[in-house]
Every structure is written in C-alpha cells, then in structure tokens.
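The values are calculated or read from the model by the stated rules, or taken from the named source; none is laboratory data. Computed from a predicted structure; not experimentally measured. Here the Cβ is made from the backbone with ideal geometry for all residues, glycine too, and neighbour counts use every protein chain on show. In case anyone asks, the SASA skips ligands and DNA or RNA and just uses the protein heavy atoms, side chains included. Shrake-Rupley method; radii C 1.70, N 1.55, O 1.52, S 1.80 Å.
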Amino acid sequence: MMKQAFHTLTVPSRGPGLYEFTDEARNFVRGEKIENGLLTCFVRHTSASLLIQENADPDVQKDLQDFFAWLAKSGPRLRHITEGPDDMPSHIRSALTQTSIGIPLHKGRLALGTWQGIFLFEHRDAPHRREVVMHLVG
Amino acid sequence: MMKQAFHTLTVPSRGPGLYEFTDEARNFVRGEKIENGLLTCFVRHTSASLLIQENADPDVQKDLQDFFAWLAKSGPRLRHITEGPDDMPSHIRSALTQTSIGIPLHKGRLALGTWQGIFLFEHRDAPHRREVVMHLVG
Amino acid sequence: MMKQAFHTLTVPSRGPGLYEFTDEARNFVRGEKIENGLLTCFVRHTSASLLIQENADPDVQKDLQDFFAWLAKSGPRLRHITEGPDDMPSHIRSALTQTSIGIPLHKGRLALGTWQGIFLFEHRDAPHRREVVMHLVG
C-alpha cells in the first residue's frame, strides 16, 4: 500500500549563494520509513530557487553565484525596480534555475550521485527565511 | 487508497511572453477531490516552456520576456533557421527554462507561495495553441 | 492498486552534446505494464543534465550545444579549475538546464509531443558513462 508524507523546511539565508539541505531531506525521508518512492522538493518563492550541484569543492558554489550574478545583470534595462536593484535580477536567476526537483528513492536511498547535494539558491541580498515543501510518495 | 487524474489544458498564445494558468490548475485539482498529493505540469512543445514566477507586478513578466529574448539571440550564429528567425531562439529559451514542474498539494491547497503563479512561457512570434498535460496523484 | 518501478539507464557519451534516450524510456515504461502514471528521469551527475528538445532536425542539437558552450564561458573568471577548463563550465551548463524531468503517462503513452525527445546533455569533453535513474509510479 502506497502512502504520502509532507514536510515544510525553513532554510535561513544570509545573502546570495547556495545553502545545502541534503541532510534535512535525508532525515525527512528516513523518518517516514518509506523505502521506495519519489521525493519532490518545491520552493515557495520567486526570488530563490533550487539546484542540485557539487557539494565537494566550495569554489563551485562561489563560481555559480558569480556566474548568475553576472548573467542576470547583463541583459537589457529592467523595469521592475520597486524593491531595489537586486529584485528583478533575482526573478531572472530563479527563472534560469529550478522551482521544483524530483528525486527517486530506491531501497531507502535517494538516487543522488556521489557528489550531488541539494541546495537552496538564494538570489536576494537581505537575509531571508525560505520555505521548501517536501513531498514523498512511495 | 491513492488515485490519479489527468487533464490536458490548451493555452492560447499571441506572441512571446508569459500566460498564467494558475486558476485552471487549481480548478482541475479542486474538481478531482484529492486533498493531498503531487501535481505535475508538462508542456508538450519545444518552443514553449513552463515557469513559476511572480504574478503581482506585470513588469516582472515584461522584464523576463525581454531578458530571454536578449539572451537567446546573443550567442553564436544559429544553423536551424528553417522556420524563421524566432525558431532556434525559441528552443534555446525552452532549454533555459522548464518543461515540467511538480507542485505538492497539501490539505486541499497547492504549495504555491503568496506571489507564485504558474505560467506558460511562449517563445514564438505567431499565435499558438499550446498543450499542457496535468497529472495528479494523491 | 498503484505500483512503482525503477530502472537505472547508462548513457555513454563521447564529448559535449545531446544524447537521446527516448526509446529506452519508452521500453522501460512498456515493460512495466503500467498504463497511467508519472515517469521521473533523474541524472546522477553535476556535469551532465537532462533536456527535452526537438529530435527532428540535428541542427537544433548542434545549436543548443554551441549556445551553452558560449554562454558558460562568457561570465567572470572561474575559480574551480582543478579538473580542467571544461570542468566549471559543465557545472554552469547543468545549473542552467535540468537535473530531473517528470513526464505524465496516459493510456500507455508518454505525454511527449510529436517532436519532443528526451536527451542526456553531456557537458564534459572526455567520454563518460552517465547514469539516469527512471522512476515510474502509476
């Protein structure tokens, strides 16, 4: 008999960059005692997104941050500037990455590769508390 | 006992930009009488894509359209020009955004944040009728 | 009664570009005798990703490869160069595309549009054997 589980994770951020929550996702899955299924992570914001990336060398995360900061500010002049100069570039960075990620769970283990970590990608300058909804079916 | 439901939504477009279908997704979910589960939206095209973005200030949508129009035409010379100058840039814009999005459904409500809307992102100049397949399991 | 199935596909690559595995995905689904459900494809790497794109004109795939090669090397100077000059650009290309894709399965057919194929997007220069985990629930 298949079942489902939900958990809302709060990820505190302190400026733009990647914040890993792989352990929190693993703990949620382990606690539900589901061995096989699908984990979906969904971020409830339009100026923060999700990314699965290398969690070994911290330089990868710095380079990703620098690349997206550069790209989002390289385009045509922006209209939506009500909340400051980091506002619209944050929406662009979100659109270029992902709002939801699905990860299979097989024999009690998430299908993540050896170097893969799950990250919240914060795009705003100010500190935020970001919500990631996790759904597990299996 | 878990069950499933399917619905194919047709989204008419009139040139490049974002077309919201959040209400249509909510109506589909409500009609199926499933309280908890996962909604997956999938676009059946390679020159239109899906995006979850801010639905408050329309300038956000204009800025996103301008940014992706600029980016997709800033690269090296394109070979695939059979269907006109907006053809290959449309594939690039699709590749940079998303073909499928998964949204958890909890206690009868989609996990969307306050400002999040679900959009079809049209990349072609001519009007189209785009198909979005919605799958609900719960 | 709903059930699940898993399959790990190995996709061999010979340099950067798109490698289609639509047939392998269809074969997996057909073999499981599930008529309605959701197929999730997940790539277990951070320097290769997934893309649904046009599978008709091979020029589309060449143009996508050239565009992402250009974009990933157009940004600020990169720190993470331990594994060679194609290393960090590969992570950037992965971040710009997708790690997981969900495709509804209805009446025995994947919801793919007429021209849509499922591709592994290889970003590294050297040949690799890439793992794609497929999960089916239905």
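Mean per-residue shielding of peptide A:108-115 is 4, counting Cβ atoms of other chains within 10 Å of each Cβ.
Rounded to the nearest 20 debye, the dipole magnitude of the protein assembly as shown is 1000 debye, with +1 charges on Lys and Arg beta carbons, -1 on Asp and Glu beta carbons, and the Cα centre as origin.
Here each label is just a point 7 Å from Cα along the line to Cβ, and for C:Arg30 and C:Arg77 those points are 5.4 nm apart.
Which net charge results for the neighbourhood of B:Ile81, defined as the other residues with beta-carbon distances under 11 angstrom from its beta-carbon, given Lys and Arg at +1 and Asp and Glu at -1? So the surrounding residues net to -4.
Solvent-accessible area of the protein assembly as shown (1.4 angstrom probe, protein heavy atoms only): carbon and sulfur portion equals 48 percent. Each copy carries a label point for A:Glu83 at 7 Å from Cα toward Cβ; from one copy, the others' points are 3.5, 3.5 nm away, ordered from shortest. Globularity index of the protein assembly as shown is 0.90 (Cα radius of gyration / 2.2 N^0.38 Å, N = number of residues). Total lysine pairs in chain A at Cα distances under 20 Å, for residues eight or more apart or on different chains: 4. Taking every residue in A:72-84 and counting other chain Cβ atoms within 10 Å of its Cβ, the average works out to 4.
Amide H to amide H, with H built 1.01 Å from N, A:Arg130 comes under 5 Å of A:Val11, A:Ser13, counting only residues 5 or more places away or on other chains. Taking one quarter of the surface of the C-alpha convex hull of region C:28-130 gives a mean projected area of 7.6 nm². A Förster distance of 25 Å, applied to the separation of the beta-carbon atoms of A:Met2 and C:Thr10, puts the FRET efficiency at 0.35. For region B:30-71, the normalised intensity computed at q = 0.17, 0.20, 0.24, 0.28 Å⁻¹ comes to -0.72, -0.85, -0.95, -1.04 (log10 of I(q)/I(0), Debye sum over alpha carbons, equal scatterers, no solvent).
Annotation for region A:1-83: trypsin sites (Lys or Arg not before Pro) lying in DSSP loop with at most 10 further Cβ atoms inside 10 Å of their Cβ are A:Lys33, A:Arg77.
Dimensions of region A:1-74 based on its C-alpha atoms, expressed as ranges along the principal axes with the largest first, amount to 51, 27, 20 Å.
Kirkwood radius and radius of gyration were both taken over the C-alpha atoms of region B:68-116, and their ratio Rg/Rh is 1.24. Relative contact order, whole percent, for chain B stands at 55, derived from Cα pairs under 8 Å and 6 or more residues apart. The mean number of Cβ atoms from other chains found within 10 Å of a Cβ in peptide A:124-131 is 0, as a whole number. Across all directions, the average flat footprint of the convex hull enclosing the Cα atoms of region A:85-138 is 5.1 nm².
The string of couplings for region C:95-107 from the Karplus curve (6.51, -1.76, 1.60, θ = phi - 60°) is 5, 7, 10, 10, 8, 9, 9, x, 10, x, 10, 10, 6 Hz, one whole number per residue in order, with x for Gly and Pro.
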